[in-house]
1. Over all residues in A:80-93, what is the mean tally of Cβ atoms on other chains that come within 10 Å of each residue's Cβ?
2. Between the stretch B:89-130 and the stretch B:58-82, how far is it from one alpha carbon centroid to the other, in angstrom?
3. State, to one decimal in nm, how far the label point of A:ILE96 lies from the label point of A:LEU127, with both points 7 Å from Cα in the Cβ direction.
4. Leaving ligands, DNA and RNA out of it, rank A:ASP122, B:ASP72, B:ASP20 by accessible area with a 1.4 Å probe, largest first.
5. Pick from B:GLU59, B:GLU77, B:GLU49: which residue has the top mean-square fluctuation in a GNM of chain B where Cα pairs under 10 Å get a spring?
6. Kindly report, to the nearest 10 Å², the accessible surface of B:ILE96 as traced by a 1.4 Å probe over protein heavy atoms only.
7. Got the relative contact order for chain A handy, in percent, Cα pairs under 8 Å and 6 or more residues apart?
8. How high is the relative contact order of the stretch B:34-110, in percent, with contacts defined as C-alpha pairs under 8 Å that are six or more residues apart?
Protein chains: 2
Amino acid sequence: MIVRDFSEITKTQPERVVSDAKWSSVRMLLAEDGMGFSFHITFLEAGSEHTFHYKNHFESVYCMQGKGSITDLATGETHEIKPGVMYALNAHDKHILRAEEELVMACVFNPPVTGNEVHQADGSYALESA
Amino acid sequence: MIVRDFSEITKTQPERVVSDAKWSSVRMLLAEDGMGFSFHITFLEAGSEHTFHYKNHFESVYCMQGKGSITDLATGETHEIKPGVMYALNAHDKHILRAEEELVMACVFNPPVTGNEVHQADGSYALESA
């Protein structure tokens, strides 16, 4: 059994905290943990806008806190994001995520993120061997 | 892209809300959603105690609200559960989960739950074909 405390990880395992322009993410579970998925708590700054396109991963994102919107770039549809709303990128959907207020999200990736990926110019993560 | 609102599911998709003695769970993602994992928001009643043993699934559980503890029955170790704490059953660990206050948890199962499982006498879910 793995037991991890978000607030401890940020202090003792800084290598599990990643950040980029206007977002940061704490990797509670990575590929090396052997669960077959990774689990992240992700913060998006108030007023920020992000274009992501996970060509190689499925991702689900559950909003725990904050307010914003997501636009599906394939259809042009925009959905409100607020606590209790989840989106799932079941078709590797290219999307824009906007945070009106800081968003705090619980994210699941399949295949699991290894922790070494960086966002590429096209908004995707490359696949890495675990 | 799948977008689902927790509060809407409880009203419009009652088949995605399951409950048993002193817990209930809203299945935001099931096997049929094709993500390779399922994602549930689960409530455990204040004062309740649960013995679970997912012999056929890996599960991670992130505490969003409440207070309690988990005991790993293999080692006898007990860990505090509070917001920000996650446990991951990477060895199909048999465990007792106690809610001192109502616990609200974000749960991920691999393989994904189909929605038709019931807890068996041994605390496990049987594997189902999706």
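The values are calculated or read from the model by the stated rules, or taken from the named source; none is laboratory data. Computed from a prediction, not measured in an experiment: that's the story for all the values here. Using ideal geometry, Cβ is built from the backbone for each residue, glycine included, and neighbour counts are taken over all protein chains shown. Quick note on the areas: whole protein, heavy atoms, side chains included, nothing else; ligands and nucleic acids left out. Shrake-Rupley method; radii C 1.70, N 1.55, O 1.52, S 1.80 Å.
1. Numbers: counts 2, 2, 3, 4, 10, 7, 11, 4, 11, 3, 7, 3, 1, 2.
Counting other chains' Cβ atoms within 10 Å and averaging over A:80-93 gives 5.
2. 13 Å
3. 3.0 nm
4. Working: A:ASP122 60, B:ASP72 10, B:ASP20 85 Å².
Largest accessible area first, the residues go B:ASP20, A:ASP122, B:ASP72.
5. B:GLU77
6. The accessible area comes out at roughly 30 Å².
7. Numbers: 307 pairs, mean separation 37.5, N = 130.
Dividing the mean separation by the residue count of chain A yields 29 percent.
8. Values: 195 pairs, mean separation 38.5, N = 77.
Dividing the mean separation by the residue count of the stretch B:34-110 yields 50 percent.
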